[in-house]
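Following: one structure in structure tokens, then a few remarks.
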Amino acid sequence: IHVVCLISFHLCIPASIKHLPKTSALEVDVLNHESSPYLPGLYFDVKKSFGKPQTTDIKCGLDLEPPLFEVTLVWIVYENGLDKQTNSYSIPPELLQNSELILQQLKLLEKLFPKTKANKKKEENPVLISDNNSTFLPEKCSKIPLSGASTSTTAACVKASSESNVSKKQKIMHNIKDYIPVMVEKGQMAKKLEAAAPYNVFLIAITDSKLTHHEPLSVTFQEILDESLGEIESSVQINFMVDIGWLLGHYYFAGILLVHRMQFVNVRKLIGFKSCRHIPLLVLYGDESPELKSISQHKPNVTAIKVTMPTPFSTSHTKMMLFAYIDGSMRVIVSTANLYEDDWHNRTQGIWISPRLPSLPEGVDTKAGDSVTNFRQDLMLYLVEYQISKLQPWIARIRKADFSSINVFFIGSVPGGHREGPRGHPWGHARVSSLLQKHCAPVGEKIPIVCQSSSIGSLGANIQAWVQHDFLNSLRQDCVPLGVSQFPVFKMIYPSFGNVSRSHDEMLGGGCLPYSKSTNDKQPWLKLNLNCDTTGEDAFPLGAVRDDVPPFPLPYDVPLTRYGPDDTPFLMDNLHA
């Protein structure tokens, strides 16, 4: 018996097959089967290739396990289309535990491979989609049996009958949006990163602003996973809010995580799976999530750990990614965005992407390879503070990586009280103060300090209470010893009510701005220091190159525009009014 197997061209097809004309097809018979911890070892014999335009049949063994079996069924569900009675997809019982992720994948398939009137009539013989994601589609739904299932059960797994309760259980109760709405050409991110030097800073492409889709300094989440940056061996996601279904969906459509990495041996016409394994993902999160608590039960290669904080006033708010590549190199990414759809949709977010960091040669002193900014040392010290054993292999890998190409400082923030040590203050804005005193050229007293934030807490009854006494006192430092001087002007950028109401998402765009009326009423002085954007432009002009140095990509217009008499900061209470 044969089943049809959905396989990704670039991940699962050996070189001898990969370069065949797209109009060719291969008929493959199963020769042998061996068990494997992850996927049965399958061996194929290429019987013949024949011209069969836009159709490819690849037949393989019965005992497929997820994710390959799961991926196959996802396409089958998509090909069957929406149930006429419920107007929703009928998901097989075997995929119910991952229904949210499956529904997101189906939505994306609708965008990537929209059905036309012509191909809707050919559902019994789906065609091969020929593009960068060349994917073999199943020949017929009835050819996919469940492991140990009868023929009747097999038919039921592909499309629930009208008497089945599956479609009723899987009726979509909420609107799942396309979470990859901005599609860019694959394989180009490495060139884009090279062109972004020396800052390596990007802003997220805004879904409803088409101008930003093609900005050289805009980026999408898919580009972060782009294979031109390296073939990912494992990764870490540290964040506050994590929608695991959204995150795994991005990994999945980037060809990572949910597809096995397969190595092939070609002996004459014998092609076999030499080894199969999952790509591990470690997620450290701050905001409570039931889905993350149980994700490892459904996806053994995903480990999710809630970051424990020592006090109720501390929050794990870091947003950082670590990627390890199969060639031994790695990469560090720091962003301002949570890992869920809204933060990557119509909100301006900043992202710093490190250069590729190769591994140090064997036998080299591990003290070698750090940057002049001691980025590697500071990063390791920060990760140690988590006291999470799963991070130890990553700390070891960082220690053996060459960070010498990095030209920025790493500033971490750790809860608790900390004293100044031999290397200065270790964390937070006090750490910034220590670095400015060592490296910053003299700054005039009239130069303002500009800050930008997406939330505001209690800053005190007046500007002196905390802003000047602590915050500005750290940020005004330079290499000249501080004498008697006035505090610099403090300017804070925060969206006004008008900014939010005129945004792409209108009032709902303020859902990410947790500033309450009760807190605002206690600090009326703050309005005198607030600034907003009033241009209404879709993209921010970055200025011209000066002395061969490109302008830093600021996510706001300059000069700043102060709040007018009638302007008020956007308050979370506005959403409840």
Return only the number of the condition from (1) crowded, with 17+ Cβ neighbours inside 10 Å; (2) part of a loop (DSSP other than H, G, I, E, B) that Val467 does not satisfy. (2)
Scan segment 544-568 and report the pairs whose first residue is farther than 21 Å from Gln523 by Cα and whose second residue is loosely packed, with under 10 Cβ neighbours inside 10 Å and of a type in the set (A, V, I, L, M, F, W, C), with Cβ atoms within less than 9 Å and a gap of 6+ or a chain change. Pro550/Ala544; Pro551/Ala544; Pro551/Val545
Tell me the residue from Ser474, Ser518, Ser458, Ser434 that is part of a helix (DSSP H, G or I), hydroxyl-bearing (Ser, Thr, Tyr) and open to solvent by 40 Å² or more (accessible area, probe 1.4 Å), please. Ser518
Can you find even one residue in segment 431-441 that is closer than 26 Å to Tyr285 by Cα and either over 24 Å from the mean Cα position of the chain (by Cα) or assigned by the TED database to the domain that holds Val558 (or both)? yes
Subset of segment 320-341 [outside any strand (DSSP E or B) and open to solvent by 20 Å² or more (accessible area, probe 1.4 Å)]: Ile326, Asp327, Gly328, Thr336, Tyr340, Glu341
When Arg399 is evaluated against the numbered criteria (1) open to solvent by 20 Å² or more (accessible area, probe 1.4 Å); (2) under 29 Å from Gly457 (Cβ atoms), which criterion, by number, is the only one it fails? (2)
Those residues that are surrounded by 16 or more Cβ atoms within 10 Å (Cβ to Cβ) and under 15 Å from Ile493 (Cβ atoms), I need them from segment 558-577; list them, please. Leu560, Thr561, Tyr563, Asp567, Pro569, Phe570
Kindly indicate whether Tyr340 is within 19 Å of the chain's Cα centre (by Cα), at pLDDT below 95 and under 23 Å from Ser234 (Cα atoms). yes
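Quick grid of which residues meet (1) modelled with pLDDT of 90 or more; (2) surrounded by 15 or more Cβ atoms within 10 Å (Cβ to Cβ); (3) within 30 Å of Thr308 (Cβ to Cβ):
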site: Gly187; (1), (2), (3): yes, no, no
site: Thr207; (1), (2), (3): yes, yes, no
site: His213; (1), (2), (3): yes, yes, no
site: Ser235; (1), (2), (3): yes, yes, yes
site: Tyr252; (1), (2), (3): no, yes, yes
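The values are calculated or read from the model by the stated rules, or taken from the named source; none is laboratory data. Note that the structure is a prediction, hence the values are computed from the model and not measured. FYI the Cβ positions are ideal-geometry reconstructions off the backbone, even for glycines, and counts take in every protein chain you see. Remember, those area values only see protein heavy atoms, side chains included, never the ligands or the DNA or RNA. Shrake-Rupley method; radii C 1.70, N 1.55, O 1.52, S 1.80 Å.
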